[in-house]
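The values are calculated or read from the model by the stated rules, or taken from the named source; none is laboratory data. Only a predicted model underlies this, so the values are computations on that prediction, with no experimental measurement involved. Every residue, glycine among them, receives a Cβ derived from its backbone with ideal geometry; neighbour counts consider all protein chains shown. Side chains are part of the model used for accessible areas, which takes the heavy atoms of the whole protein and leaves out ligands, DNA and RNA. Shrake-Rupley method; radii C 1.70, N 1.55, O 1.52, S 1.80 Å.
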Amino acid sequence: MSNINEEYIDEYIRNLVPDRNELLTELEKYADENHVPIIEPEVGQFIKTIIRTKRPKRVLELGTAIGYSGIHILESSDSIEQLVTMEIREDIANIALENFKKANLEDKVELMVGDACELLPTVDSKFDLIFIDAAKGQYNLFFKEAQRLLNDDGIIICDNILFRGMVATDELVIRRKKTIVKRLRTFLKDIMETEGYTSSILPIGDGIAIILKG
Ligand SMILES: C[S@@+](CC[C@H](N)C(=O)[O-])C[C@H]1O[C@@H](n2cnc3c(N)ncnc32)[C@H](O)[C@@H]1O
């Protein structure tokens with residue numbers, strides 16, 4: 001239960017999303033069985049649509065997990081020359097590496113293992129698309145770094161910004177998530193008010209934000 005949409009709406013949209021290929025389907029099953037959070041099919045479809053519209057060359061991802069979204073991103077368009085992706089957990093990053101190999105995509109991937117908060121300041125190349133899907137409490141910091149690293153005309157997409165509905169109403173907030181919710185609310189206000197950017201918040205999956213430079 002996402003608490004974002006009525007269940008029948010989520011289910012209806014999800015059933016319309018085309019089936020994924022064999023490897024992605026296998027990874028969805030692995031994620032489900034091992035409790036690894038990955039993007040929902042409708043979020044994946046949205047990202048694919050944006051990628052095919054913008055045809056980015058260089059993509060940055062924060063939060064690799066098992067490589068599911070990374071593979072999905074790379075397979076969305078042959079315009080992508082490089083995916084730089086960051087993951088804090090070495091064990092899960094190793095699984096991602098194996099999966100990028102299985103997809104024959106390892107040549108296009110630079111996997112950086114470590115805390116994105118520390119890794120980002122060491123990066124100075126620019127990106128056409130930045131996908132933020134790591135520590136939710138750090139989205140404000142990630143957005144600051146993403147602004148520095150985004151090409152003109154670039155796009156930032158952020159996942160889980162409604163955080164099981166908690167961001168939209170205090171009624172759903174559970175005590176131990178209070179700080180994350182507070183930070184996500186500040187983040188959403190910030191992206192809407194930052195000059196030079198146009199942003200939109202969409203209630204699909206766990207909530208996504210799309211931020212355009214310009
Ligand atoms: C929601 S999962 C990413 C799912 C992935 N994008 C997908 O859809 O296939 C979030 C991942 O971010 C990683 N993570 C959390 N905090 C991080 C940080 N500060 N720096 C880098 N990775 C982080 C977690 O270990 C986890 O694997």
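Annotations for the structure displayed:
- Of the residues screened, Ile47 is not one that is over 17 Å from the mean Cα position of the chain (by Cα) and among the aliphatic types (A, V, I, L, M).
- Pair list, Cβ under 7 Å, 6 or more apart: segment 88-103 residue within 8 Å of the ligand (Cβ to nearest atom), other residue not aliphatic (A, V, I, L, M): Ile88/Gly114; Ile88/Asp115
- In segment 1-18, residue most open to solvent (accessible area, probe 1.4 Å) [restricted to those that are modelled with pLDDT of 95 or more and assigned to a loop (DSSP other than H, G, I, E, B)]: Pro18
- Subset of segment 175-200 [of a type outside the set (S, T, N, Q) and open to solvent by less than 70 Å² (accessible area, probe 1.4 Å)]: Lys177, Ile180, Val181, Leu184, Phe187, Leu188, Asp190, Ile191, Gly196, Tyr197
- For segment 102-158, the candidate set comprises residues that are within 22 Å of Gly67 (Cβ to Cβ) and among the basic types (Lys, Arg); within that set, the residue that is surrounded by the most Cβ atoms within 10 Å (Cβ to Cβ) is Lys136.
- The condition (being free of Cβ contacts under 8 Å to residues at least 12 places away in the same chain, under 18 Å from the mean Cα position of the chain (by Cα) and away from the ligand (no atom under 13 Å from the Cβ)) is satisfied by just one residue among Lys144, Lys182, Lys213: Lys144.
- Of the residues making up segment 191-203, those that are more than 17 Å from Lys136 (Cα to Cα) and either among the small types (Gly, Ala, Ser) or not in a strand (DSSP E or B) (or both) are Met192, Glu193, Thr194, Glu195, Gly196, Ser199, Ser200.
- Answer from Glu98, Glu118 - the residue that is within 29 Å of Arg20 (Cα to Cα) and acidic (Asp, Glu): Glu98
- Matching residues, segment 30-87, being in a helix (DSSP H, G or I), away from the ligand (no atom under 11 Å from the Cβ), free of Cβ contacts under 8 Å to residues at least 40 places away in the same chain and open to solvent by 50 Å² or more (accessible area, probe 1.4 Å): Asp32, Glu33, Gln45, Lys48, Thr49, Arg52, Thr53
- From the options Glu26, Glu6, Glu90, residue that is touching a strand residue (DSSP E or B) at 6+ places or on another chain (Cβ under 8 Å) and more than 28 Å from Gly154 (Cα to Cα): Glu90
- Candidates Leu162, Leu83, Leu141 - the one that is out of contact with any Asp or Glu (no Cβ under 9 Å at 6 or more places or on another chain), at pLDDT 95 or above and not charged (D, E, K, R): Leu141
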